[in-house]
Amino acid sequence: MRNIMIENASLDELVSELKTIIKEVIESCDLSSPNESGRLLTRTEASELLNVSFVTLNKWNKQGVLPAFSVGTRVYYKWEDVQDSMKRVA
């Protein structure tokens with residue numbers, strides 16, 4: 001794990017370090033598992049995977065960051081869409 005002095009870091013340095021860490025975490029995950037292809041995630045699964053709230057998922061949906069679709073009253077996310085959104089962040 002990296003050690004960064006937050007107290008002495010500029011905002012640009014902190015953002016750069018966070019992007020590097022996120023990229024390393026995403027690359028360490030096996031996001032191309034064939035078992036996940038075509039899988040649908042519930043709001044709970046997506047929020048836990050991305051470590052964000054339902055409010056953030058809804059906001060991302062409205063902004064087009066992470067598309068969602070409804071079946072009746074349930075909201076689902078495609079595994080591929082979640083994977084693509086994670087890659088775009090890095």
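Only the coordinates and a few stated rules stand behind these numbers; no lab work does. Note that this is a predicted model, so its numbers are computed, not measured. All Cβ positions, glycine included, derive from the backbone under ideal geometry; neighbour counts span all protein chains shown.
How much length is gained if the chain between E45 and Q63 is pulled fully straight, taking 0.36 nm per residue apart and subtracting their Cα-Cα distance, in nm to one decimal?
On the way: separation 18, 0.36 × 18 = 6.48 nm, distance 2.00 nm.
Gain on extension, E45 to Q63, equals 4.5 nm.
Over 17 Å, how big is the tail of the calculated P(r) for the stretch 48-90, in percent of all Cα pairs?
In whole percent, the long-distance tail amounts to 23.
Local charge sum around R74 (other residues, Cβ-Cβ under 13 Å, Lys/Arg +1, Asp/Glu -1)?
0
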